Amino acid sequence: MAGELRHRYRSRGKALTLADALIGALAIAHHLVLLTDNVKDYPMPELRVERP
């Protein structure tokens, strides 16, 4: 899933780092809320992101 996320956003002009793609994919797969101050690094609409 991380590879698919990187490919999807690279084609839209947004480069995801491998670490951000892995974290995002893990959170999506396990229906987790991601707490981060770097909300802009996680543009996936299926991912619930909140600031701590």
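Selection of the stretch 8-22 for residues being in contact (Cβ under 8 Å) with a residue 12 or more places away in the chain and in a helix (DSSP H, G or I) yields Tyr9, Leu18, Asp20, Ala21, Leu22. Applying the selection to the stretch 23-52, what residues are in a helix (DSSP H, G or I), surrounded by fewer than 16 Cβ atoms within 10 Å (Cβ to Cβ) and either among the hydrophobic types (A, V, I, L, M, F, W, C) or touching a helix residue (DSSP H, G or I) at 6+ places or on another chain (Cβ under 7 Å) (or both)? Passing the criteria: Leu26, Ala29, Val39.
Could we say that Leu5 is modelled with pLDDT of 95 or more, within 19 Å of Pro52 (Cβ to Cβ), outside any strand (DSSP E or B) and not aromatic (Phe, Trp, Tyr) here? So Leu5 fails the test.
The values are calculated or read from the model by the stated rules, or taken from the named source; none is laboratory data. Values in this document were obtained by computation on a predicted structure and should not be read as measured data. Reconstructed Cβ throughout: ideal geometry from the backbone, glycine too, with neighbour counts over all protein chains shown.
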